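A quick write-up on the structure given underneath.
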Amino acid sequence: MRIVLLGPPGVGKGTIATTIRYTHEIPHISTGDMFRDEIKKGTELGKKFASYIHEGHLVPDDLVIACVKARIEQADCNEGFILDGFPRTLEQAQVLHGEIKIDEIIHLFAYDETVVERITGRRVCEDCAAIYHQTYRPSKEDGVCDYCSGRLVQREDDKEGSVRKRLEIHCQQIRPIIDFFSREYQVIDIYAGLNDRRKVKARILKALFGHQNL
Ligand code: AMP
């Protein structure tokens, strides 16, 4: 199944994608994670990504599209994948629709203040990119990933100033993307601002797979 998860930063796309990755064994393709990996490796491409990401700007479409196409061509994507953080512009959406069969599009939404609180408390595993929250989803051992024992860190762009800038960009970009996709697919809107994240997860799984079992 080829799934696209749309929604603002911090709405829970990464968390749900991590669940599906383990339960349904399809890869979670997060463009943000791909860029951060490249930055960590210190490559020339990584330096380019960092110059945009650390300022809270979007990476240019041509670079993003080339990365996603190369990733989707890999063998582990044959049975499907979950796209998280892509598309983020109308041009990316058009290229995706033109070149790849999409089965489901889920649009997660929540109020800005909910999202800001979630992102500023977010901690991410340096090694496997699993996501935690200091208050709502703490790891069993402070600062250590439950899955792989990697170190949990706060992303540079999860600081409040950067988060508000990212939300503003999302707000401008999402409407044309949804308008475009709505002409081709049934986009499933799910409110993801509930404190009880299990309810949100259950709704998403029901929409995708027809059952709520994790
Ligand atoms: P994320 O982890 O999805 O919040 O992405 C972190 C940052 O990576 C974003 O704030 C953008 O700067 C960049 N980024 C991720 N995905 C895209 C995309 N599809 N198009 C442009 N920039 C992106």
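I'd like the residue in the stretch 94-115 that is touching a strand residue (DSSP E or B) at 6+ places or on another chain (Cβ under 9 Å) and not in a loop (DSSP other than H, G, I, E, B) and, out of all such residues, is farthest from CYS67 (Cα to Cα).
Taking the stretch 94-115 and keeping what is touching a strand residue (DSSP E or B) at 6+ places or on another chain (Cβ under 9 Å), we get 96, 100-110.
Retained after the next criterion (residues that are not in a loop (DSSP other than H, G, I, E, B)): 96, 104-109.
On the way: LEU96: 12, GLU104: 21, ILE105: 20, ILE106: 22, HIS107: 23, LEU108: 24, PHE109: 26 Å.
Residue satisfying both the conditions and the ranking: PHE109.
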Exercise for review: Examine the stretch 87-107 for a residue that is within 10 Å of the ligand (Cβ to nearest atom) and touching a Lys or Arg at 6+ places or on another chain (Cβ under 9 Å), and state whether such a residue exists.
Suggested key: no
Practice item. Could you tell me which residue of the stretch 29-48 is farthest from ILE131 (Cα to Cα), considering only residues that are touching a Gly at 6+ places or on another chain (Cβ under 6 Å) and either within 10 Å of the ligand (Cβ to nearest atom) or not acidic (Asp, Glu) (or both)? Key: ILE39
Check your understanding: Which of the residues that make up the stretch 148-168 are touching a Pro at 6+ places or on another chain (Cβ under 9 Å) and of a type outside the set (Lys, Arg)?
Key -> ASP157, ASP158, VAL163, LEU167
Study note, to complete from the structure: Condition set of a type in the set (Asp, Glu) and modelled with pLDDT of 95 or more, scope the stretch 77-102, selection surrounded by the most Cβ atoms within 10 Å (Cβ to Cβ): answer is ASP84
Check your understanding: How many of the residues making up the stretch 121-160 are modelled with pLDDT of 95 or more and among the polar types (S, T, N, Q)?
Key -> 2
Practice item. With the checklist (1) touching a Gly at 6+ places or on another chain (Cβ under 6 Å); (2) under 16 Å from PRO9 (Cα atoms) in hand, flag the one item GLN134 doesn't pass. Key: (2)
Check your understanding: Can you name the number of the only condition in (1) part of a helix (DSSP H, G or I); (2) without any contact (Cβ under 8 Å) to a residue 24 or more places away in the chain that PHE180 fails?
Key -> (2)
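Here's the yes/no breakdown for (1) free of Cβ contacts under 8 Å to residues at least 60 places away in the same chain; (2) crowded, with 16+ Cβ neighbours inside 10 Å; (3) over 26 Å from HIS54 (Cα atoms):
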| position | (1), (2), (3) |
| --- | --- |
| GLY143 | yes, no, no |
| VAL163 | no, yes, no |
| LYS199 | yes, no, yes |
| ALA202 | yes, no, yes |
**Study point:** In the stretch 58-74, the residues that are in a helix (DSSP H, G or I), within 10 Å of the ligand (Cβ to nearest atom) and of a type in the set (Val, Ile, Thr)
**Key:** VAL64, ILE65, VAL68
Exercise for review: For TYR22, work out the one condition from (1) in a helix (DSSP H, G or I); (2) free of Cβ contacts under 8 Å to residues at least 60 places away in the same chain; (3) under 27 Å from ARG137 (Cβ atoms); (4) within 13 Å of the ligand (Cβ to nearest atom) it doesn't fulfil.
Suggested key: (4)
Check your understanding: Given the structure, is GLU55 outside any helix (DSSP H, G or I), over 15 Å from the mean Cα position of the chain (by Cα) and surrounded by fewer than 19 Cβ atoms within 10 Å (Cβ to Cβ)?
Key -> yes
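The values are calculated or read from the model by the stated rules, or taken from the named source; none is laboratory data. Small disclaimer: the values here were computed from a predicted structure and weren't measured. Reconstructed Cβ throughout: ideal geometry from the backbone, glycine too, with neighbour counts over all protein chains shown.
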